[in-house]
Amino acid sequence: MEIIQIVGLGIVATLLALVIKEQKPLFAFLLAIASGAIIFLFLIGKITDVIHVLERLAVQADLNLVFLETILKIIGIAYIAEFGAQVTRDAGQGAIASKIELAGKVLILVMAVPIIQIIIETVVNLLPA
């Protein structure tokens, strides 16, 4: 029941942040970042387990691991950009948060180009000459 621990940590951190925010807004913000980092560290083991299962499935299916690595990097970019944007938005900097999201989308596009290229080449090779 890890979710109960995560939600409990989130609620406690939120209550503390609300109390501290009255006196020291900077400390409340730092508490929010620290609690987010702790939750992320708590999930790293689960993320690692999922990656190992996906790698094993890719090997069993005889897939090129480059595709799996690229997809996992894309997912990682999406999660990291979302986390960064949320933290920035919590600090009241919505414009910067939007730029972080844009950067994440551009980096995802850049990472996806080789896969898109291979898909197009495969389709072209399947078409009759």
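Couple of notes before you dig in:
- Long hydrophobic helices in the chain: the complete DSSP H runs spanning 18 Å or more by Cα along their own axis with mean Kyte-Doolittle hydropathy of at least 1.6 are 25-60, 94-126.
- Shown here are the Rg and Dmax of the Cα trace of the chain, at 20.1, 73 Å.
- Relative contact order of the chain, defined on C-alpha pairs under 8 angstrom at six or more residues apart (%): 16 percent
- The simple spin-label model puts a point 7 Å past each Cα toward its Cβ; for His52 and Ile71 those points are separated by 2.0 nm.
- Centroid-to-centroid, using Cα positions, the range 1-43 and the range 59-129 are 29 Å apart.
- Heavy atoms of the protein chains alone define the surface here; on that basis the range 34-129 has 74 Å² accessible area per residue at 1.4 Å probe size.
- Carbon plus sulfur fraction of accessible area for the range 3-67, probe 1.4 Å, in percent: 76 percent
The values are calculated or read from the model by the stated rules, or taken from the named source; none is laboratory data. Just so you know, these numbers come straight off a predicted model, no measurement behind them. Neighbour counts run over all protein chains shown; Cβ positions are idealised from the backbone, glycine included. These accessible areas exclude ligands, DNA and RNA; they are computed on the full protein's heavy atoms, side chains included. Shrake-Rupley method; radii C 1.70, N 1.55, O 1.52, S 1.80 Å.
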